[in-house]
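Student: Just passing along the structure, written as structure tokens.
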Ligand code: LMR
């Protein structure tokens, strides 16, 4: 009987990231620190409402925009502006029209859509993601029906990227695998590939006829908006076909608006037009059409010269604040007699502390310092007033080893 099947269901385990953040919300202690989710928090420990976003929203409200459906593929002005941000205004890919971009339900939706496109339209059956990676990469591709494996990425002993292992693993994958590559601010390690590493990865992708899926969720938070997009431009100039997912959540602090894009880069404008119709077909069946508010906000900012300049400045300030927190953690660690210099070696929003799941749990229960079990902390959750407390907690755990 159906009712017996339902009665026998077991509750799903808490999400490794969101679940711990939910635990944090319930913690009554004043000194608690949330380093779980990859949100950018301002110096006051809160998600900012950026001035440019505020201004764009004011203008949109004034225009009394109605809440009609967007086209299946989303807002064209938004997609075009994100393309320029990703590829650069002089990009041959854009000038020749050999890319198809659709708005997506955040970066997550773009990844899922890309996985479905690879599986159902291109007949790709195998996907590979870094070890370690953002847990949802694995869940999303599996849900999209892809078989999954992980390629070597981070060497826990040296604290560096295992480039040789990575290349070897990419060579060993079945030909025409979908290979997920994080463009910058690697989640969860904070260790990115160098330009030379990227060139080698591109060669293997070409050799093995893999389909690279570049995931850019934190553009601007590592080295800068242009610098961080370098790998996208490398692949674009190389003339290979590839996928690109972009999340606008972080740069505009519009997490809940689910604002992102998926781009498929192909060989010609004619191919891109065909791909665009096929993406639309998938979108229609998945969620009909994307949400509009976040895309309208980003579209307005990115297409207004003055607002765009101000926005670029905002992103730069966010990036620099995270860098300052990295330096602060290292400094406070030294005061406590321990080395927390991982914070300086790593990049962007995340850091890999090297703590075990048990140590992460001790940090939560004893000190109210909430990271996730993998040892990842979101550096953007640090603020000046909590640095000493967090460094003290880390020092206590390190000294107990
Ligand atoms: C993260 O890794 O914390 C973010 O990508 C947010 C999420 O949904 O997990």
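The values are calculated or read from the model by the stated rules, or taken from the named source; none is laboratory data. Source: prediction; values computed, not measured. For neighbour counting, all protein chains shown are included, and Cβ atoms are generated from backbone atoms with ideal geometry for every residue, glycine included.
Student: Tally the residues that are closer than 15 Å to residue 363 by Cα and either modelled with pLDDT under 95 or within 16 Å of the ligand (Cβ to nearest atom) (or both), restricting the search to the range 18-29. Walk me through it before giving the result.
Tutor: Looking only at the range 18-29, we keep the residues that are closer than 15 Å to residue 363 by Cα, and these are 20-21, 23-24, 27, 29.
Restricting the remaining residues to those that are either modelled with pLDDT under 95 or within 16 Å of the ligand (Cβ to nearest atom) (or both) gives 20-21, 23-24.
Residues flagged as closer than 15 Å to residue 363 by Cα and either modelled with pLDDT under 95 or within 16 Å of the ligand (Cβ to nearest atom) (or both) within the range 18-29 amount to 4.
Student: Out of 331, 362, 401, 321, report the one residue that is modelled with pLDDT under 95 and either closer than 26 Å to residue 29 by Cβ or not in a helix (DSSP H, G or I) (or both). Outline the logic, then answer.
Tutor: Working: 331 fails: modelled with pLDDT under 95; 362 fails: modelled with pLDDT under 95; 321 fails: modelled with pLDDT under 95.
Exactly one of 331, 362, 401, 321 is modelled with pLDDT under 95 and either closer than 26 Å to residue 29 by Cβ or not in a helix (DSSP H, G or I) (or both), namely 401.
Student: Can you say whether residue 392 is at positive phi, in contact (Cβ under 8 Å) with a residue 12 or more places away in the chain and out of contact with any strand residue (DSSP E or B) (no Cβ under 7 Å at 6 or more places or on another chain), as far as the supplied structure shows?
Tutor: Values: at positive phi: no; in contact (Cβ under 8 Å) with a residue 12 or more places away in the chain: yes; out of contact with any strand residue (DSSP E or B) (no Cβ under 7 Å at 6 or more places or on another chain): yes.
Answer is no for this residue.
Student: Still on this model: Which residues, taken from the range 155-180, are within 16 Å of the ligand (Cβ to nearest atom) and more than 17 Å from the chain's Cα centre (by Cα)? Break it down into steps so the answer makes sense when it comes.
Tutor: Of all residues in the range 155-180, those within 16 Å of the ligand (Cβ to nearest atom) come to 180.
Answer for the range 155-180, where residues must be within 16 Å of the ligand (Cβ to nearest atom) and more than 17 Å from the chain's Cα centre (by Cα): there is none.
Student: Now, a different point. Which of the residues spanning the range 181-197 are in contact with a helix residue (DSSP H, G or I) (Cβ under 8 Å, 6 or more places away or on another chain) and more than 22 Å from residue 89 (Cα to Cα)? Even if it seems obvious, please write down each step before you answer.
Tutor: To start, the set of residues in the range 181-197 that are in contact with a helix residue (DSSP H, G or I) (Cβ under 8 Å, 6 or more places away or on another chain) comprises 181, 183-185, 190-191, 193, 195, 197.
Result: 181, 185, 190, 191, 193, 197.
Student: Restricting attention to the range 1-17, and to residues there that are within 16 Å of the ligand (Cβ to nearest atom) and surrounded by fewer than 13 Cβ atoms within 10 Å (Cβ to Cβ), which single residue is modelled with the highest pLDDT? Before you say what the answer is, go through the steps one by one.
Tutor: Filtering the range 1-17 down to residues within 16 Å of the ligand (Cβ to nearest atom) leaves 12-17.
Filter once more, so that each one left must be surrounded by fewer than 13 Cβ atoms within 10 Å (Cβ to Cβ): 12-14.
Details: 12: 95, 13: 92, 14: 90.
Among those that are within 16 Å of the ligand (Cβ to nearest atom) and surrounded by fewer than 13 Cβ atoms within 10 Å (Cβ to Cβ), it is 12.
Student: Can you find, within the range 135-151, the residue that is nearest to the ligand (Cβ to nearest atom) among those that are modelled with pLDDT of 95 or more and under 19 Å from residue 350 (Cα atoms)? Break it down into steps so the answer makes sense when it comes.
Tutor: Filtering the range 135-151 for residues modelled with pLDDT of 95 or more gives 136-151.
So of that shortlist, the ones also under 19 Å from residue 350 (Cα atoms) come out as 136-138.
Details: 136: 6, 137: 10, 138: 12 Å.
Applying the filter and picking the extreme gives 136.
Student: Turning to a different aspect of this structure: State whether one or more residues within the range 76-85 are within 30 Å of residue 214 (Cβ to Cβ) and within 16 Å of the ligand (Cβ to nearest atom).
Tutor: Initial filter on the range 76-85 (within 30 Å of residue 214 (Cβ to Cβ)): 76-85.
Filter once more, keeping what is within 16 Å of the ligand (Cβ to nearest atom): none.
No, the range 76-85 contains no residue that is within 30 Å of residue 214 (Cβ to Cβ) and within 16 Å of the ligand (Cβ to nearest atom).
Student: Return yes when residue 316 is touching a residue at least 40 places away in the same chain (Cβ under 8 Å), assigned to a helix (DSSP H, G or I) and surrounded by fewer than 15 Cβ atoms within 10 Å (Cβ to Cβ) and no when it is not. Break it down into steps so the answer makes sense when it comes.
Tutor: Details: touching a residue at least 40 places away in the same chain (Cβ under 8 Å): yes; assigned to a helix (DSSP H, G or I): yes; surrounded by fewer than 15 Cβ atoms within 10 Å (Cβ to Cβ): yes.
For residue 316, the condition - touching a residue at least 40 places away in the same chain (Cβ under 8 Å), assigned to a helix (DSSP H, G or I) and surrounded by fewer than 15 Cβ atoms within 10 Å (Cβ to Cβ) - is met.
Student: Six or more apart or on different chains, Cβ atoms under 9 Å: show the pairs whose first residue is in the range 86-110 and in the same structural domain as residue 228 (by TED's automatic domain parsing) and without any contact (Cβ under 8 Å) to a residue 12 or more places away in the chain and whose second is within 16 Å of the ligand (Cβ to nearest atom) and in a helix (DSSP H, G or I).
Tutor: none
Student: Also, quick follow-up: Go through (1) in a helix (DSSP H, G or I); (2) surrounded by fewer than 16 Cβ atoms within 10 Å (Cβ to Cβ); (3) over 21 Å from the mean Cα position of the chain (by Cα) one by one and return the number of the condition residue 337 breaks.
Tutor: (1)
Student: Let me ask something else about it. What number of residues in the range 101-112 are surrounded by 24 or more Cβ atoms within 10 Å (Cβ to Cβ) and either more than 16 Å from the ligand (Cβ to nearest atom) or not in a helix (DSSP H, G or I) (or both)?
Tutor: Residues meeting the conditions: 4.
Student: Report yes if residue 37 is assigned to a loop (DSSP other than H, G, I, E, B) and either more than 16 Å from the ligand (Cβ to nearest atom) or touching a strand residue (DSSP E or B) at 6+ places or on another chain (Cβ under 9 Å) (or both), otherwise no.
Tutor: Values: assigned to a loop (DSSP other than H, G, I, E, B): yes; either more than 16 Å from the ligand (Cβ to nearest atom) or touching a strand residue (DSSP E or B) at 6+ places or on another chain (Cβ under 9 Å) (or both): yes.
Spelling it out, residue 37 is indeed assigned to a loop (DSSP other than H, G, I, E, B) and either more than 16 Å from the ligand (Cβ to nearest atom) or touching a strand residue (DSSP E or B) at 6+ places or on another chain (Cβ under 9 Å) (or both).
Student: Quick test for you: out of 240, 205, 201, 183, pick the one residue that is without any contact (Cβ under 8 Å) to a residue 40 or more places away in the chain and either touching a strand residue (DSSP E or B) at 6+ places or on another chain (Cβ under 6 Å) or within 16 Å of the ligand (Cβ to nearest atom) (or both).
Tutor: Going through 240, 205, 201, 183 in turn, the sole match is 205.
Student: Does residue 376 satisfy being in contact with a strand residue (DSSP E or B) (Cβ under 8 Å, 6 or more places away or on another chain) and either closer than 17 Å to residue 330 by Cα or more than 16 Å from the ligand (Cβ to nearest atom) (or both)? Reasoning before the result, please.
Tutor: Details: in contact with a strand residue (DSSP E or B) (Cβ under 8 Å, 6 or more places away or on another chain): yes; either closer than 17 Å to residue 330 by Cα or more than 16 Å from the ligand (Cβ to nearest atom) (or both): yes.
It is true that residue 376 is in contact with a strand residue (DSSP E or B) (Cβ under 8 Å, 6 or more places away or on another chain) and either closer than 17 Å to residue 330 by Cα or more than 16 Å from the ligand (Cβ to nearest atom) (or both).
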